[in-house]
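Asker: Starting off with a structure, shown below.
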Amino acid sequence: MASCRSRRVEYDRFIPFRSAMDMDFARCALTMPSRPQRDGSIESPSSVAYQKLLVQCILKNRSRIFAFKSAPESPAHKVSQFDEDNRPHKKQQRRIPKDADRVLAAYDILDDDRLNLLDWGSNNMLAIGLNDKVCLWNAANKSSTEFSRALEDNSPVTSISWSPDGKVLAVALGNSDLDLVDAATRRVLVGIQGDSHSFVCSLAWRSNAILTVGRSDGSIVDYDIRKDDRAICDYRGHRLEVCSLKWTELFGRYLASGGKDKLVHIWDTRMAVANHHPRQHQLLHKISNHTSTVRALDWCPTRSNLLASGGGRNDHCIKFWNAVNGVCLNSIDTGSEVCALLWDKNKSELLTSHGFPNNQLTLWNYISMTRKAELFGHSSRVLYLAGSPLGGVVASAAEDETLKFWNVFETPKPPKPEANTVPFAQFSVIR
């Protein structure tokens, strides 16, 4: 039986494809001198080496002149050129200036870890308390103004805080009074008198109408500035001065407080209150892991329910807490007093300010907690930090009576315009 074999077609000649040929290469290969010169001269070794290198770089060591089949097309971006660096490119790291971008004088600023004398509002106005007066610096036009209230006992400013909309500045005084000042007219809108045996150490706005106040006797009170009976609820747990107060966000659920008693408290406003104390919020977590004053507190804006706290002179640690279950997620020994800390609003980066021996600012990369930069310039501990509402710039103030501005955070990029989804919407006439 005859076998069914596929017959192989034999051709008597090969016809090259002109469309698949590199005519420039063919001409170069045909005319390239591969023999001794006609005049009998011999090429120098450097010329021979140059010709060899040229063949390797440009001709890619090709030897064929004709092409007998068309090669598959390759994307242009995948074809490497002879002068192209084929090594993988590393992502360019952000350059962080080591020196302050601007330095202003801050005479008579108080060095007291119970006070909070610096805040940067959403109106791009920076407020700083200098003894018995408050100075305002406009970041837009770089102008400054100051105002003070005439007091018989010349009580110093103990805490300041802008409302979320930037229209009202809360100013606490050493005689236990609290003034709410109109940012435009500099007039006192509301005055709240406190107990003579305590003064206000810390302030935090829950909304544009509700202000949380922490005092030197350990009490924390919410005030509704729209009501006649302004005290609406209180938080009881601290025994000494409340050095720091932070809400998670506008109308936030959790309130964090740090005190001179080395405690961190987390309060949940959604927890049921006791029947015999209808205006008293319940304590969610009582944290006693720090061994010194806790005045450095801040909630992470990019990770929900993550709280960072820093300990004072005998502690040196930054600790991270889960607000839901109160678990300590991490603890880092910085080697010096942690005076203040501030999260970047756009990235997982944390800026801390420190005391002796270096009085530096340190930028950390969360979660790895590696140091990205250390900024030196202050000659005493840096108690106060405030971030620009526009991002990028952070202001720091210390007992050395200087107010410094640092370009430490990455400036957020403006949002890209939305793509036009309607076909031919950019054309007024369709032909």
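Asker: Using the structure shown, list the pairs from K142/K404; K260/K319; K167/K413 with a Cα-Cα distance above 19 Å, or answer none. Before the final figure, lay out each step's value.
Answerer: Values: K142/K404 14 Å; K260/K319 17 Å; K167/K413 27 Å.
Where the Cα-Cα span goes over 19 Å, the pairs concerned are K167/K413.
Asker: Within the stretch 160-223, which trypsin sites (Lys or Arg not before Pro) sit in a loop by DSSP and count at most 13 neighbouring Cβ atoms inside 10 Å?
Answerer: R186, R187
Asker: For a quick check of your reading of the filter: which chymotrypsin sites (Phe, Trp or Tyr not before Pro) in the stretch 166-257 sit in a DSSP loop and have no more than 16 other Cβ atoms within 10 Å?
Answerer: Within the stretch 166-257, the qualifying chymotrypsin sites (Phe, Trp or Tyr not before Pro) (loop, at most 16 other Cβ atoms within 10 Å) are F251.
Asker: Separate question: Using R₀ = 41 Å, calculate the FRET efficiency as 1/(1 + (r/R₀)^6) where r is the Cβ-Cβ separation of R253 and D400; round to 0.05. Can you show the working numbers first?
Answerer: On the way: r = 39 Å, r/R0 = 0.94.
FRET efficiency, R253 to D400: 0.60.
The numbers here are math on the coordinates, done by the rules we state, and not lab data. As the structure is a prediction and not an experimental result, all values here were calculated from the model. A quick note on method: Cβ atoms are made from the backbone with ideal geometry, for glycine too, and the neighbour counts reach across all protein chains shown.
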